[in-house]
Ligand code: PMP
């Protein structure tokens with residue numbers, strides 16, 4: 001019996017080659033650390049406040065209302081009421097007529113929208129340009145599709161007169177960006193407003209990218225999940241609205257980020273049918289479908305927002321106002337203790353400089369692990385405060401150039417941000433008292 005069971009044990013390698021080198025995941029590691037040690041979790045990007053009542057009520061109505069068919073499959077490429085209102089909403093924003101059936105596709109969060117794009121467009125040998133720092137899943141997704149990522153960093157320019165840095169001070173070098181485009185380039189992935197820096201790309205920066213896309217006949221995958229979260233009167237500009245770009249751009253959005261309900265996992269893509277038809281092929285052969293009830297509720301959310309567009313009662317007007325205040329609280333807390341914040345123009349993330357805290361967590365020369373990663377682990381274990389190292393948003397060569405920053409999420413209740421402030425204050429006092 002023993003020899004039989006030994007024979008039955010598999011000996012051949014089981015892992016597909018496409019998974020080589022992508023088994024480690026920063027979120028799995030840091031989410032576990034936060035769950036084990038943190039008293040205040042400003043790590044992973046999700047709100048700890050509830051979604052708006054109108055959205056929750058729409059979900060409850062969908063769940064327990066008369067229409068029991070909402071518990072069954074709906075249209076694979078998007079529940080009809082949701083694609084219809086998304087087409088209307090984005091049609092208005094983009095100033096063009098959108099067909100709900102061909103210009104919009106609903107996905108399982110923005111994550112699956114990204115996956116569909118890379119699978120649909122990237123072939124073996126194709127290059128995809130990624131602007132660093134970037135939402136970390138782009139690189140393994142390009143790799144799984146058989147492509148190669150080509151990185152170009154945002155380069156920080158120190159502000160004058162000792163002022164705090166802004167995410168706008170992190171800029172692309174136009175010549176460096178241009179040098180990354182070649183006949184192998186299939187796509188560029190743009191994320192504005194950007195996670196982790198909160199940078200909102202200016203019209204000039206978007207035009208630079210757009211001109212290169214047109215010149216080299218390159219696609220643009222535009223991850224706009226933080227499109228509503230822009231501050232200080234800044235404007236989120238959709239690259240698809242620039243000359244020559246509609247035809248080559250897929251816009252990606254997320255109800256999770258839009259309506260503070262990240263667990264619902266409803267996302268979408270908007271673009272020309274020429275591109276979306278291939279996303280539909282990937283979708284119908286992978287996820288196929290996403291939860292009908294959640295789609296129905298998000299449709300109601302957008303219907304409401306369409307009617308209130310730009311008005312004071314609109315959630316999309318109110319949310320950024322509340323978040324801007326939270327951003328300012330966190331900026332103050334960090335600045336007061338010398339953990340220099342880079343003021344974000346958008347998103348609910350804030351990156352801070354930890355250089356002045358090196359005496360608490362000494363550098364280990366020649367360590368394989370970037371300094372900020374060791375620092376973030378030390379901080380959650382010793383101070384109970386969870387954040388994410390910035391180096392996690394870089395790949396290869398640049399990982400160690402940007403290793404003295406950590407990212408905080410400020411989509412949190414006032415009490416949570418106050419608790420973070422208390423931790424920082426106490427830490428500062430311990431540092432200064434003899
Ligand atoms: N893109 C970016 C830039 C993100 O930050 C996130 C979520 N952290 C996603 C996509 C994924 O969004 P979703 O939760 O809708 O899948």
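The values are calculated or read from the model by the stated rules, or taken from the named source; none is laboratory data. Keep in mind the model is a prediction, meaning the values are calculated, not measured. Here the Cβ is made from the backbone with ideal geometry for all residues, glycine too, and neighbour counts use every protein chain on show.
Take residue 247 and tell me if it is away from the ligand (no atom under 14 Å from the Cβ) and free of Cβ contacts under 8 Å to residues at least 24 places away in the same chain.
no
Looking only at region 251-288, which residues are away from the ligand (no atom under 13 Å from the Cβ) and touching a strand residue (DSSP E or B) at 6+ places or on another chain (Cβ under 9 Å)?
The answer is 270, 271, 272, 275, 276, 279, 280, 283.
Quick test of your reading of the structure: residue 400 fulfils all but one of (1) part of a loop (DSSP other than H, G, I, E, B); (2) in contact with a strand residue (DSSP E or B) (Cβ under 8 Å, 6 or more places away or on another chain). Name the failing condition by number.
(2)
Filter region 176-194 down to residues that are in a strand (DSSP E or B) and in contact with a helix residue (DSSP H, G or I) (Cβ under 7 Å, 6 or more places away or on another chain) and give me whichever is surrounded by the fewest Cβ atoms within 10 Å (Cβ to Cβ).
Selected residue: 185.
For residue 314, which of the numbered conditions (1) free of Cβ contacts under 8 Å to residues at least 60 places away in the same chain; (2) under 30 Å from residue 352 (Cβ atoms) fails to hold?
If we test residue 314 against (1) free of Cβ contacts under 8 Å to residues at least 60 places away in the same chain; (2) under 30 Å from residue 352 (Cβ atoms), just (2) comes out false.
Answer with yes or no whether residue 157 is loosely packed, with under 13 Cβ neighbours inside 10 Å and not assigned by the TED database to the domain that holds residue 404.
yes
Is it the case that some residue within region 306-318 is surrounded by fewer than 21 Cβ atoms within 10 Å (Cβ to Cβ), at pLDDT 95 or above and under 19 Å from the mean Cα position of the chain (by Cα)?
yes
From the list 155, 184, which one is away from the ligand (no atom under 16 Å from the Cβ) and farther than 22 Å from residue 344 by Cβ?
None of the others qualify; the one that does is 184.
When you go through (1) touching a strand residue (DSSP E or B) at 6+ places or on another chain (Cβ under 9 Å); (2) in the same structural domain as residue 170 (by the TED database); (3) assigned to a helix (DSSP H, G or I) one by one for residue 356, which number turns out not to apply?
(2)
Taking residue 289 as the residue in question, decide whether it is buried (at least 16 other Cβ atoms within 10 Å of the Cβ) and at pLDDT below 95.
For residue 289, the condition - buried (at least 16 other Cβ atoms within 10 Å of the Cβ) and at pLDDT below 95 - is met.
This table checks each residue for (1) assigned by the TED database to the domain that holds residue 112; (2) part of a helix (DSSP H, G or I).
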site: 225; (1), (2): yes, no
site: 244; (1), (2): yes, no
site: 289; (1), (2): yes, no
site: 302; (1), (2): yes, yes
site: 323; (1), (2): no, yes
site: 329; (1), (2): no, yes
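Output the number of residues of region 229-239 satisfying the condition of being part of a loop (DSSP other than H, G, I, E, B) and buried (at least 22 other Cβ atoms within 10 Å of the Cβ).
Residues that pass the stated criteria total 1.
Please name all residue pairs, on different chains or six or more residues apart, with Cβ atoms under 7 Å, provided the first residue is in region 416-434 and is in contact (Cβ under 8 Å) with a residue 24 or more places away in the chain and the second residue is surrounded by fewer than 18 Cβ atoms within 10 Å (Cβ to Cβ) and part of a helix (DSSP H, G or I).
417/329
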